[in-house]
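Notes follow once the structure below has been shown.
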Amino acid sequence: MLALDVATLREGTARLDRHIAPDAMTREQDYRVLAPVVLEATVSRSRARVGIAGQATTTLELFCSRCLEGFAVPVTSTFDLSYLPSDEAPVGSVEVEVADQDINTAYYQHGQIDLTELIHEQLYLVLPMKPLCKDDCQGLCPVCGANRNSTPCTCEASWTDPRLAGLKALLNENDDA
Ligand SMILES: [Zn+2]
Ligand SMILES: [Zn+2]
């Protein structure tokens, strides 16, 4: 983990500019970091409170929700966060706190702010819900599983939606009546 040691920060404001190699980023399930993460931020400390504001820019590999292929997307996430030591976290049941929590306030433990985690959390916020490799991605053929973008198949002609098949059967019954 790439940590920011709060004890080394002076009171006041300082630059926090880092280039973080993709290898230094932990693996996430939903994406892969392809390019160095450029973190350009301002860090301000006031006693135990640490503010980190700025942006993280990188290129991610996402996986298309239709054809499942990986594709590269440049992303920039802008944030303005406030960190407090974990012993200042509000006391109470976890479920209640999560709902009430200010999403811009986080807590750090052992005097360390985990920058890798900060970046991952901010990247997640800018990811599309259903990533698409291209707007008109043809997806996978539901019959043979071929990627229709690269492998044309002839399944469509003979394939009928099971729901439609049921409807047709119903209509046929009515015809007979
Ligand atoms: Zn796709
Ligand atoms: Zn097919």
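Here are the numbers for this structure:
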read-out	value
Residue that is modelled with the lowest pLDDT [pool: residues in the range 144-177 that are within 16 Å of ligand 2 (Cβ to nearest atom) and acidic (Asp, Glu)]	Glu156
Scope the range 8-24; condition hydroxyl-bearing (Ser, Thr, Tyr) and either within 11 Å of Thr42 (Cα to Cα) or under 22 Å from the mean Cα position of the chain (by Cα) (or both); matching residues	Thr13
Positions within the range 57-82 being farther than 19 Å from Asp136 by Cα and either among the aromatic types (Phe, Trp, Tyr) or not assigned by TED's automatic domain parsing to the domain that holds Ile103 (or both), in sequence order	Phe79
Contacts under 7 angstrom Cβ, first residue in the range 69-85 being touching a residue at least 60 places away in the same chain (Cβ under 8 Å), partner within 16 Å of ligand 2 (Cβ to nearest atom) and of a type outside the set (Phe, Trp, Tyr), 6 or more apart	Glu69/Asn147
Residue match in the range 127-143 (condition: modelled with pLDDT of 85 or more, more than 16 Å from ligand 1 (Cβ to nearest atom) and not assigned by TED's automatic domain parsing to the domain that holds Leu34)	yes
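Conditions (1) in contact with a Ser or Thr (Cβ under 7 Å, 6 or more places away or on another chain); (2) surrounded by 15 or more Cβ atoms within 10 Å (Cβ to Cβ); (3) farther than 30 Å from Gln138 by Cβ, marked per residue:
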{"site": "Ala7", "(1), (2), (3)": "no, no, yes"}
{"site": "Ala21", "(1), (2), (3)": "no, no, yes"}
{"site": "Gln29", "(1), (2), (3)": "no, no, no"}
{"site": "Leu39", "(1), (2), (3)": "no, yes, yes"}
{"site": "Arg45", "(1), (2), (3)": "no, yes, yes"}
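The values are calculated or read from the model by the stated rules, or taken from the named source; none is laboratory data. Not measured: the values here are computed from a predicted model. Glycine also receives a Cβ, built like all others from the backbone with ideal geometry; neighbour counts cover every protein chain displayed.
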